[in-house]
Structure formats: C-alpha cells, structure tokens
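Asker: There's a structure below that I have some questions on.
The values are calculated or read from the model by the stated rules, or taken from the named source; none is laboratory data. Since the structure is predicted, the reported quantities are computational estimates derived from the model, not experimental observations. Ideal geometry is used to build each Cβ from the backbone, glycine not excepted, and the neighbour counts take in all protein chains shown. Keep in mind that these areas ignore ligands, DNA and RNA; they rest on the heavy atoms of the full protein, side chains included. Shrake-Rupley method; radii C 1.70, N 1.55, O 1.52, S 1.80 Å.
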Amino acid sequence: MTLELIVFIASILFGLLIYWRESNGNGLYRSFNKIINSKKLQMKAEDKTGFVYQQSFLIRLVSITFLFLIGIVIAQFLLPIDLAAISLFASMILGTIIGTYLAQLIFKSNEVIDEQSESLEGIVQETLEKGKDFIDDFKQKNLDKEAPKEELSKEAPPTDKEQKSARERLKDKGLL
C-alpha cells in the first residue's frame, strides 16, 4: 500500500511536469504528426497541441497509458524484479491524469488572474474608499449622538416643584 501511494504522488508530479513541458513546446508531438499525417493534414505552426496539452480526456488517457505501457515493458526486460503490477500501473495512469488536470487548472487560474488583475485593483480601490466613507459616516453619527446629550446636561436640571406627578400627567392626558 505504501509503494502504491508513493507511486501515485510521484505520478501526479509527473503529470504536472508533462503538462508544463508540453505547454512550453510540443516538438515530439509535432514530429509524430509529421510522420503520421500527410502534408495537407499536418498541424499548423502556431498550434500548441501536444499529447496531453489541449487534448480531451480520452486522448490524454490513451497517450499516458501508451507511455506507461512502453515504460513497463522496458522495465520488465531490464529489471529482474517484477514491479509491473496492475495496481501500480493503474495508480501511475490515474495519478498522471490527475496531475495533468491539476496543471491545467493552475495554468487557467493564472491566466484568469492576469486578465482580471487590472479590474481587481479597481475593485479593491473602490472597496477601500467605501470603507473609509463608512467609517467617516459612523464617526459623524457618533458625534451627532453625543452632542444632544451634552446640550441636555448644560440645561439646568428641573426642580421638584416644576415636575408634575405621574397622576397629574395622566389627568392632563385625560386618562384618569
């Protein structure tokens, strides 16, 4: 179980590496394309498609499976140890595919962040200005609330003679 986990994590990193490498240049894929296809069907010079870069899931699966199948066949002949178990083979393929999609997610998020960086700066500036305005309004409201209390305290406190009793106030309102 430990060997499978190590191979799985290593294959995720391998998938990241494959995707990054093919995003920078696709010379091997272009060579196979020239050998396999006629001049009319060959890919354009500006096309960046590779074995896993800008490919659908099925093409990625076939390419990665073929790559590991060749690797396992070579390892079977060179190494006296039987490491080519089905679980390791499946773990390597699944990890590599997950790694390629993880790399694609990283590349896409970097592109989106680069495109949106200017608008994000504007949004942050607007938010900061609104926050400053909110704080200023809040301070002003606190000052307005404190001012009437100070005015009331400046007035002379009413004396007992000036105040009516509760009974008299109710009579004035017509409730008693």
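Asker: For the chain, what is the Kirkwood estimate of the hydrodynamic radius, computed as the reciprocal of the mean inverse distance between distinct Cα atoms, to one decimal in Å?
Answerer: Computed over Cα pairs of the chain, the Kirkwood hydrodynamic radius comes out at 23.6 Å.
Asker: With the full set of protein chains in place, find how many percent of the accessible area of the chain is carbon and sulfur; take the probe as 1.4 Å.
Answerer: The value for the chain is 65 percent carbon and sulfur by accessible area.
Asker: Among Ile97, Gly71, Phe51, which residue has its Cα positioned farthest towards the positive end of the charge dipole of region 1-129, with +1 placed on the Cβ of Lys and Arg, -1 on the Cβ of Asp and Glu, and the dipole taken about the Cα centre?
Answerer: After comparing all options, I get Gly71.
Asker: Would you mind putting 165-176, 94-105 in packing order, based on average other-beta-carbon counts within 10 Å, highest first?
Answerer: 94-105, 165-176
Asker: Next question. How far, in degrees from 0 to 90, does helix 2-24 lean away from the longest principal axis of the Cα atoms of the chain, to the nearest 10?
Answerer: Approximately 90 degrees, to the nearest 10.
Asker: Any chance you could give the angle, 0 to 90 degrees and rounded to 10, that helix 27-36 forms with the longest Cα principal axis of the chain?
Answerer: 50
Asker: Assign unit charges at the C-beta atoms only (+1 for Lys and Arg, -1 for Asp and Glu), then state the dipole size of the chain relative to its Cα centre in Debye, rounded to the nearest 20.
Answerer: 660
Asker: For the chain, set up a Gaussian network in which alpha carbons nearer than 10 Å are linked by springs, and say which option among Ile135, Ile18, Ile93 fluctuates the most.
Answerer: Taking springs between Cα atoms under 10 Å, the residue moving most is Ile135.
Asker: Highest GNM mean-square fluctuation, the chain, Cα pairs closer than 10 Å: which of Asp136, Asp114, Asp47?
Answerer: It is Asp136.
Asker: Same structure again: Report, in debye and to the nearest 20, how large the dipole of region 1-73 comes out about its Cα centre when Lys and Arg carry +1 and Asp and Glu carry -1 on their Cβ.
Answerer: 420
Asker: Which residue, Lys48, Lys34, Lys141, tops the fluctuation ranking in a GNM of the chain built on C-alpha contacts under 10 Å?
Answerer: Result: Lys141 has the largest fluctuation of those listed.
Asker: Next up: Nearest 10 degrees is fine. How inclined is helix 57-78 to the longest principal axis of the chain, computing both from alpha carbons?
Answerer: It is inclined by approximately 50 degrees.
Asker: At 222 nm, what value in deg cm²/dmol follows for the chain if DSSP H runs of at least 4 each add -39500 (n - 2.57) and the sum is divided by all its residues, to the nearest 500?
Answerer: After summing the helix terms and dividing by residue count, I get -26500 deg cm²/dmol.
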